Structure formats: structure tokens, C-alpha cells
Amino acid sequence: MAEKRSGKLNIRLILVHISFWGFILGLPVFYHFWGPMLDSANYENRYMTEKPVFSLETVSSYPLQYENYYNDNYPFRNKMIMLNGRFSYQVLKEGTGFSIVGKDDWLFYKSEASNDGINIAQYKGRAQFSEMELKFAAKSLMNTKEWCDEHGMEFVLFIAPNKERMYSEYMPGYYNSSRVSETCNTDQLVEYLRENTDIRVVWAYEDLSEYKTAHPDEPLYYHLDTHWNYLGGYIGARALLEELGIDIPPAEEKEKTIRNTKTGDLLMLMNLGSVESVDDVDYAFAGYPVEGMEMVSDDVNGALMYRNPGADPRKVLIYRDSFCNIMRYFLGEQFSEISMVPHELWQNDLPEIYQPDVLVYELTERFVDKLVTEHIQPY
């Protein structure tokens, strides 16, 4: 009897081994025929490693290069990463990498590195300017303003608020419990510039907060992205235009419709760029881009340039970041010529080359520490 049981057990073990190794050895065969049909898109917002070429010159580095290539391209990689991200986001309610999962599945950006912003330190109230830093920032900006004055240009500083500030009610409780102050270096800087200089400062938080209070059911930022949506971008553009003496209708009076979107940079940071079950809220504004506006360059990753004959005759140049992407059509229709150059493509002689009537320094709140030392005009 014992021998029969032992025999059955051995047969089962053999079958398990055969099934296991059949699966392992069969994967390459499966992948050979079906691999091209698998999802191999890049959802990670980075360049994937290319397959290295073997040669006598690369013989020492080839193994590591091929390992990196294989890690980026192994079969079913996207599915496994997506399942891990979905489990973290939708089950554990935990972020991965630079993402934070907040209340009601809102996502927020987590960065403490100075080269990519310090939004969490700002949110906690730990990012504070010293008196000396405030003076340096004011002096740097005044240098730009004085240069603009000498060359007949207007100068405006525009700051877009962090999403964490705008929607703090959706931040996880442990971030709220660790806050040491409701204010940060942005609040210090705006107050200091307004009290001690004549620099024209547009702090978009003020207009956005007013709208949010009056319309609490209309989100101004994406749930799954670091940026404001088209409604938030319209309000930001309107605030800047108002500072420049141009009135456009308030957002309440614009014809807009709600539309759903399924992507976002924070979703991609969680490797969920291909998940179809996640929705976000955005708005479509009727009539944009306006008829007659020439889109000389409409590359959101590069320099943006628009011309609208018959509009305000001033020529505008904006030193911008990605928050300007959504504002571009709202601003573009208002001027005869407007150029928006990303920070990474900016050169300090551009104001001299473009000869604009208006120079705008636009940046997101998490980068305000750059204002202490950064110059955007020719010396």
C-alpha cells in the first residue's frame, strides 16, 4: 500500500517537473512566434536600452550592455510591471518611485531633489528662504527688469502653484501630520517682491483658489498628472493676460465640455501608462486654436511660436516650463507674435535676438529656489 502511494507521488512529482520545465523551455518558442504581438511600447518616460553590437572593441563591455538591454526588453516585461503598479496603486494604495497615492486615488509627485523641484519640502513648510536668499532672488529679478526697462520691454514674473498646494485635502494624512508650516519659500518670495520691489508678480494660486472655492466640483488639476488641466490653464492664462492689460472672459462664461483622459505623467511613473480602467477629468474649450492663428511651431517639447495678425501688436517672449503647454492657445490668440521657449533650450541672448515688447519668466512653484541665482537676460 505504501509502495503504491509512493509510486503515485513520484509520478506526480515527475509530471510537475515536466510541466514546469516545459513551460520554461516553451517560453522562447512562444515568444519567437508571438513576441511581435506582445505589448512592447515604452510607457516609462525614458529611453530604453538598445541592443548592443558585438565587436572586438566592445568585448569587455558587451555582457553588461546586453544585460541592460535584456532587462529593458525581456518578454512580458510591460505586463509584469503594469500588474505590480496596478496592485500598488489600486490595492495597496501606495506609490512607487516618485509618485504618491493620495485620497480618492489622486496622485502627487514626490521630489526632494533640487534639480527636479522640492515640492514636498515646500508642502511640509520646510523649504524656507533666508533673508539673504530673498535679497539675492530680488536682486537677480531686478537685474532682469532693469535690463528690460533699458531696452523698452515689459517684464512679468509668473508662478504656477504646485498641485500639492492646490489640492492638499487629497494628500495622504501622514504628509499633513508632518507639516511644520502652512507657508514656504514661495509665499516668502511673493510677499518680499511685492513689498520691496516694483516687479510685476502673477501668483496664479490666488486666481485658481478663488475659482476652486466658487466651483468645488470642477477640478483644476489632473488627478493623474502633476499639471493643471485645461480649465486651470485657462485661469492661469487669464491671470497673466490681465496683468498685461488684456481682458478675456472668465472661465464660467466660456463654452467648455468635460472630457475624460486616461493618461498622466504620474500614472506613467507608476508604470501604468497603458491601463484602460483609470479615468481622469479634463475640459475641451470650444474654438481653440482660433481660426486665423498661425501655428509656426506647436511642439510642446520644444519652442512654441504663434502669430495672430490683428491681435495685440506687442511681441511676447516667455521663458517657460511645461505648465505653459496648456496655456499656449489661450495666450497665442491674443498677440501678433508670441514665442515660448523651454528652460532647457533657453539662451540668455534670446531676449536680445527676439527683441520682444514683453518678457515673461514663467515657472512652476517647486522651482522657485532657482530664482536666487538664475539670470535670463544678457549680461
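The values are calculated or read from the model by the stated rules, or taken from the named source; none is laboratory data. Please read all numbers here as calculations on a predicted model, not as lab measurements. All Cβ positions, glycine included, derive from the backbone under ideal geometry; neighbour counts span all protein chains shown. When the accessible area is computed, the model is the full protein with side chains, heavy atoms only, and any ligands, DNA or RNA have been set aside. Shrake-Rupley method; radii C 1.70, N 1.55, O 1.52, S 1.80 Å.
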### Task
Quick one: grab the alpha carbon gyration tensor of segment 326-370, order the square roots of its eigenvalues as a ≥ b ≥ c, and give me rounded if a/c is under 1.5, else prolate or oblate depending on whether a/b is larger than b/c.
oblate
### Message
I need the peptides 167-180, 332-345, 203-216 ranked by packing, meaning the mean over residues of other C-beta atoms within 10 angstrom, with the highest value on top.
### Response
332-345, 203-216, 167-180
### Query
Taking square-rooted eigenvalues a ≥ b ≥ c of the alpha carbon gyration tensor, is segment 230-372 rounded, prolate or oblate, where a/c under 1.5 means rounded and, failing that, a/b exceeding b/c means prolate?
oblate
### Rounded percent of accessible protein surface that carbon and sulfur make up, segment 263-379, 1.4 Å probe
49 percent
### Summary
Set Lys103/Lys135; Lys262/Lys370; Lys212/Lys262; Lys163/Lys256; Lys103/Lys254, cut-off 27 Å on Cα-Cα distance; pairs above it are Lys103/Lys135; Lys262/Lys370; Lys103/Lys254
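Rounded, prolate or oblate: which one fits segment 138-227, using the alpha carbon gyration tensor with axes a ≥ b ≥ c (rounded when a/c is under 1.5, else prolate when a/b beats b/c, else oblate)?
Here segment 138-227 falls in the prolate category.
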### Query
Straight-line reach from Lys51: which aspartates and glutamates have a Cα under 16 Å away, not including same-chain ones fewer than 8 places off?
Glu67, Asp72
### Query
Could you give the accessible area per residue of segment 270-379, probe 1.4 Å, as a whole number in Å²?
39 Å²
### Query
Given a 1.4 Å probe and every protein chain left where it sits, what share in percent of the accessible area of segment 140-237 is carbon and sulfur?
46 percent
### Positive-end extreme of charge dipole, segment 274-379 - chosen from Val372, Asn325, Gly292 (charges on Cβ)
Val372
